[in-house]
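Below: one structure, written as structure tokens.
What follows is calculated from the coordinates using simple rules that are stated; it is not laboratory data. Since this is a predicted model, take the numbers as computed values, not measurements. Methodologically, a virtual Cβ is constructed for each residue, glycine included, from the backbone with ideal geometry; neighbour enumeration extends over all protein chains shown.
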Amino acid sequence: LITLILSSVFILIGGGKFSSKVVLVVVYFFEIVLLLVSVSSLVFHLKKNIKKEHYQKYYKVYDLVQFVLLIFLIFFFFQTFVLKTARVSGSSMEETLHDGDLVLVFQAHDNYKYDDIVVMDSKNYPDLDVVTLEPRNNIINDGYYVKRIKGLPGQSIRYEETAQGLNFYVDDVLVQYTDNTYYSAILRHLVDSSDGVIPKGKYLLFGDNYRNSKDSRVFGFVDKKDVLGIVKFRLNKPGTIK
């Protein structure tokens, strides 16, 4: 009953974002099975008319099943709703994170701040076409991206053309310079299409390695529902990440 209640609470506060509906259904199924086994065990315990040898035989079986299910659920509860390990692939977050780094992601986190490092689900974010600025549906991204939040809902955004390229500002703070024609076109589009304000429930995510990162300069704003959790610790090089 406790695991069932905790699972429901963590879903309400934003946990379990990495998990598909199938995984969540399986976890809930085993939680309900554990609850039924526990209730049955209690019934056997309370019934006085069961012969002692029968009671001992069945109670041992119930006790073993309870123990196995409980261990299973404790592990999958944390993996499904609270913490998730992820391995960094590529160089887009250097020098903060490197290819192969193993990080710990807190899923039950909903209050994201500027400069937080987060994991996003990229499957709903095809690259934008540099000419039409429409999604290029023939280029479908897949998997999870680790990026840094450089723009929060409600913050102002603007760009400034220079002889060398384009400067991009969030709340009048320079967060990006690019001389890449494609990146510049997307950043202009983000400002012009949003009237210079990041929409409600949207984020700007950039990689720390600006010259080698697929991020909001390629696929635009990211919905809050697709931000899966916050990265705080690196397991292969213990310590907090800033």
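Here are a few things to note about the model shown:
- Cα→Cβ-extended label distance, 7 Å offset, between Tyr177 and Asn212, nm: 2.1 nm
- Between Phe78 and Phe30, the modelled labels are 1.4 nm apart [label points 7 Å from Cα along Cα→Cβ].
- Once backbone amide H atoms are built at 1.01 Å from N, Gln176 has Phe168 as its partners under 5 Å, excluding neighbours fewer than 5 places away on the same chain.
- In order through the range 148-153: 3J(HN,Hα) via Karplus (6.51 cos²θ - 1.76 cosθ + 1.60), integer Hz, x for Gly, Pro: 10, 6, 10, x, 10, x
- Net length available on complete extension from Ile5 to Asn167 is 53.4 nm, with 0.36 nm assigned per residue and the Cα-Cα distance removed.
- By the count of other C-beta atoms within 10 Å, a proxy for reagent exposure, Glu31, Glu94, Glu160 are ordered fewest to most as Glu160, Glu94, Glu31.
- Once both labels are positioned 7 Å from their Cα atoms along Cα-to-Cβ, the gap between Glu160 and Tyr112 label points is 2.7 nm.
- For the range 73-88, Karplus couplings with θ = phi - 60° (6.51, -1.76, 1.60), whole Hz, Gly/Pro x: 6, 4, 5, 6, 4, 5, 5, 8, 10, 10, 10, 9, 8, 9, 10, 6
- Near Asn209, the amide H atoms lying under 5 Å from its own belong to Met93, Glu94; only residues 5 or more places off or on other chains count, and H is placed 1.01 Å from N.
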